[in-house]
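The values are calculated or read from the model by the stated rules, or taken from the named source; none is laboratory data. None of these values were measured; they are calculated from a predicted model. Virtual Cβ from ideal backbone geometry, glycine too; neighbours counted across all protein chains shown. We work out accessible area using only protein heavy atoms, side chains counted, and drop any ligands, DNA or RNA first. Shrake-Rupley method; radii C 1.70, N 1.55, O 1.52, S 1.80 Å.
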Amino acid sequence: MLVNFAELAMMRISGVRSRNFVDQPTGLFNRLRFEEDIRITLLNGKKSLVYCVDVIAPQALNDVVKALGCSFAQDLILAIKARLQTLIPSGRLLYKVSPTRFGFILDEHDAIDSVCQKIIDDFKTPVECQHIPIPMQIGVGVLPVLEASQKDQDWLRLVVSAADAARDQNVGWACYEPQLDAAQQRAFMLLSALHDALTRGHQLSLVYQPKIQLPELTCESVEALIRWNHPTLGVVSPAEFIPLAEKTALMQSITFWVLDALVEQARAWAAQGLHLRIAMNVTVNDLQDSRLVDAIEAHIQARRLDPQMLELELTESILMSKPVSVLHELERARRLGLHIAIDDFGTGYSNWAYLRKLPAQTVKLDQSLVRTLETSAQDRRLVKTLIELAKGLNYHVVAEGVENNEILRLITEWGCSQAQGFLITRPLEDKALTTWLADGGFKG
Ligand code: C2E
Ligand code: MG
Ligand code: MG
C-alpha cells in the first residue's frame, strides 16, 4: 500500500487540532474552540451573545477535591455539565472554558433574562453527585458581541469578569459593563506597579499612628501603616492595594518589606532612647506557613530587639484556609513574647467562640462602630456591650477611629484601655512622630 506522507501528516495535524479543541474530562469543546467560534460568528457578520456560567467558586471546588478526592470532583463537573445541557436552548453547543466555567453562544435575539433565570433557578437545587448533594454558587455573565470592532476584544476575560461580578454581588447574572473592565485593568496595573515598587524602592514607606493609654492619655505604642507614593499614579491607599495584593503572592513580599522597615525603625528609636511598641498589620495568609514568624525570630535574635515591643494586628479579610497553621504561628509569636491583637473586631467573621481560640490579648474595635457612636444609639449599646464582654474575658480593648472628644469620653467611661484616631493624631512620618511626642503628644 502506498503511504501518502503528506496526507498522513495532515491527518496527524488535524487530529492534534481537534484534540486541542476538546476538554478531555467532559468531552466538550474547550476555551480555544469557544474563542474560535466567536471569531467565526463575527467574521460572518452575525451578532451574538456570549455566555459564561461560573458554577462554583474555585476555592469551593478545591475544598471538594480535598474532602472527597479528584475523581469525585470530576464526576461533579460531569453532573453539572449534564444539568447545564438541559438548560441551554436546544441545538446550542456547551463549552468548557475553565476548570469551573462553562460557556455557550446564542443569537442576539435570545432573551437574556429568561435564559439566565432558568439556569439560576435550576441551580438553586444542589447538584447530586454519588448521592451527595453539593450546593452551587452560580454567576452567569453575558457579553454582547455585536460589532466587527469587537474582534480584538478579549471576550473570555470580559465575560468571565461579568460572571464573577454577578456571583460576588449575589445578583445571579450580569451583562458585561465597561466599568468592570476598568476596575480589572486598574487592579492589573496596580499589581504590576506594586511589583516594581517592592523591587526598586523609594515608593513605599511607613507612617505611624499613636495609640494613647486611657485614661492617662500617654503614648506607649504606635501602629505602622504602609504608604505607597507612585511616581505617576500618585498616592495609592493601602485600603485599595492591600486587598488586591492579598489575592497574590505579592502580599508576602509587602509583609516582609514592612517587617524589615519596622525593625530598622525600632532600632533607630531605641538608639534615641525612644521605647515605643510598634504594631504591624498581618493577614491570615501571612501566617499560613512559618516564614513570617521565622523572620521575626531571626530579627529578634540578630538585632537584640525586645519582642515585647512588637505587636501583630491580625485582620481577617479572607477566610482562613489553614486555621491550624495560623493558630500555631500565632502561638509561636506569642511564646516569643509578641503582643497579638485582633484588628477590625466587630465586623467580618469575628465572633467570641472563634476569638477564644486565638492567643490574643487585645481586640481592636472596628472604626466603623466607633465613628458612629455619637449618632447611633444602637451602636452605643453594641459598643458598650462589646467592651464589657471583652473586658470580662480579660482582653485589652482598643478603640480605633476616635474622631472627637465625645467619643473619647464615652469609650474612656466604658473602660477601653487605648484609643487611636484622628482626634489624637493622623498617622505620622517618623520625624513628625518624634516631634509630636517631644511636644507632649495628645493633651486632651
Ligand atoms: P487598619 O489596620 O484598621 O488601620 C486603621 C486605618 O484607619 C488606617 O488607614 C488609618 O489611617 C485609619 N484611621 C485611623 N484613625 C482614623 C479615624 O479617626 N478616622 C478614620 N476615618 N480613619 C482612621 P490606612 O492607613 O489607609 O489603612 C487601611 C487599612 O489597610 C488598614 O486598616 C490595614 O488593614 C491595611 N494596612 C495598612 N498598612 C498595612 C500593612 O503594612 N500591612 C497590611 N497587611 N495591611 C495594612
Ligand atoms: Mg491595624
Ligand atoms: Mg482596624
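Distance between the modelled labels on LEU355 and HIS131, one decimal in nanometres: 4.4 nm (7 Å Cα→Cβ projection).
Relative to the longest principal axis of the Cα atoms of the chain, the long axis of helix 377-392 makes an angle of roughly 70 degrees. What the Cβ-Cβ distance of ILE40 and GLU429 gives, at R0 = 41 Å and to the nearest 0.05, is a FRET efficiency of 0.10.
Return the single residue from ALA163, ALA174, ALA183 with maximal mean-square fluctuation; model: Gaussian network over the chain, springs between Cα atoms under 10 Å. Residue with maximal mean-square fluctuation among ALA163, ALA174, ALA183: ALA183.
Multiply the residue separation of ARG381 and ALA67 by 0.36 nm, subtract the distance between their alpha-carbon atoms, and state the gained length in nm to one decimal.
Values: separation 314, 0.36 × 314 = 113.04 nm, distance 4.21 nm.
Extending this stretch completely gives an extra 108.8 nm.
Bridging of LYS66 to lysines at a Cα separation below 27 Å is possible for LYS81, LYS96, LYS124, LYS247, LYS322, LYS357, once same-chain residues fewer than 8 apart are set aside.
In percent, how large is the relative contact order of region 237-348, given Cα pairs closer than 8 Å and 6 or more residues apart? Before the final figure, lay out each step's value.
Working: 116 pairs, mean separation 29.2, N = 112.
That works out to 26 percent.
Any idea what angle helix 323-336 forms with the longest principal axis of the chain, computed on alpha-carbon atoms, 0 to 90 degrees, nearest 10? So the inclination is approximately 20 degrees.
Put simply, the convex hull of the Cα atoms in region 195-313 casts, on average, a shadow of 8.4 nm². Take the Cβ atoms of LEU87 and GLU147, set R0 to 30 Å, and the FRET efficiency comes out at 0.60. Simple point charges give the picture: +1 on the Cβ of Lys and Arg, -1 on the Cβ of Asp and Glu, and for the chain a dipole about the Cα centre of about 700 debye. Each label point was placed 7 Å from the Cα along the Cα-to-Cβ direction; for MET189 and ASP294 their separation is 3.8 nm.
With respect to the chain, whose longest principal axis is taken over its alpha-carbon atoms, helix 58-68 is tilted by about 80°. Taking only the alpha carbons of region 266-313, we obtain Rg and Dmax values of 11.7, 36 Å in that order.
Using a simple charge model, +1 on the beta-carbon of Lys and Arg, -1 on the beta-carbon of Asp and Glu, nothing else, what dipole does region 96-158 show about its Cα centre, in debye to the nearest 20? Working shown, then result.
Values: 6 positive and 10 negative charges, 66 e Å.
So the magnitude is around 320 debye.
The alpha carbon centroids of region 262-308 and region 342-387 are separated by 26 Å. Note on the chain: along the principal axes its Cα atoms extend 94, 50, 43 Å, ordered by decreasing extent.
Temperature 4 °C, viscosity 1.567 mPa s: under these conditions the Stokes-Einstein estimate for region 200-438, based on its Kirkwood radius over C-alpha pairs, is 70 µm² per second.
Multiply the residue gap between ASP168 and LEU233 by 0.36 nm, knock off their C-alpha separation, and tell me the result in nm, one decimal place.
Numbers: separation 65, 0.36 × 65 = 23.40 nm, distance 2.74 nm.
Between ASP168 and LEU233, full extension yields 20.7 nm more.
With both labels modelled 7 Å from their Cα along Cα-to-Cβ, the VAL324 to ASP110 distance reads 4.6 nm.
Mind ranking SER368, SER48 by accessible surface for me, highest first, 1.4 Å probe? Mind dumping the intermediate values first?
Values: SER368 55, SER48 5 Å².
Putting SER368, SER48 in descending order of accessible area: SER368, SER48.
At the listed q of 0.09, 0.16, 0.17, 0.18 Å⁻¹, the Debye profile of region 22-183, built from one uniform point per Cα, gives log10 I(q)/I(0) equal to -0.28, -0.88, -0.99, -1.11.
For region 352-416, the fraction of C-alpha pairs farther apart than 21 angstrom is 19 percent.
Of the residues HIS131, HIS202, HIS396, the one with the largest accessible area comes first in the ranking HIS202, HIS131, HIS396, computed with a 1.4 Å probe on protein heavy atoms. Sum -39500 (n - 2.57) across every DSSP H segment of at least 4 residues in the chain, then divide by the residue count to get the 222 nm mean residue ellipticity, nearest 500. The helix-only estimate for the chain comes to -15000 deg cm²/dmol at 222 nm. May I ask which residue of ILE300, PRO99, ALA148 lies farthest towards the positive end of the charge dipole of the chain, with charges of +1 (Lys, Arg) and -1 (Asp, Glu) on Cβ and the Cα centre as origin? Towards the positive end, the residue furthest out is PRO99.
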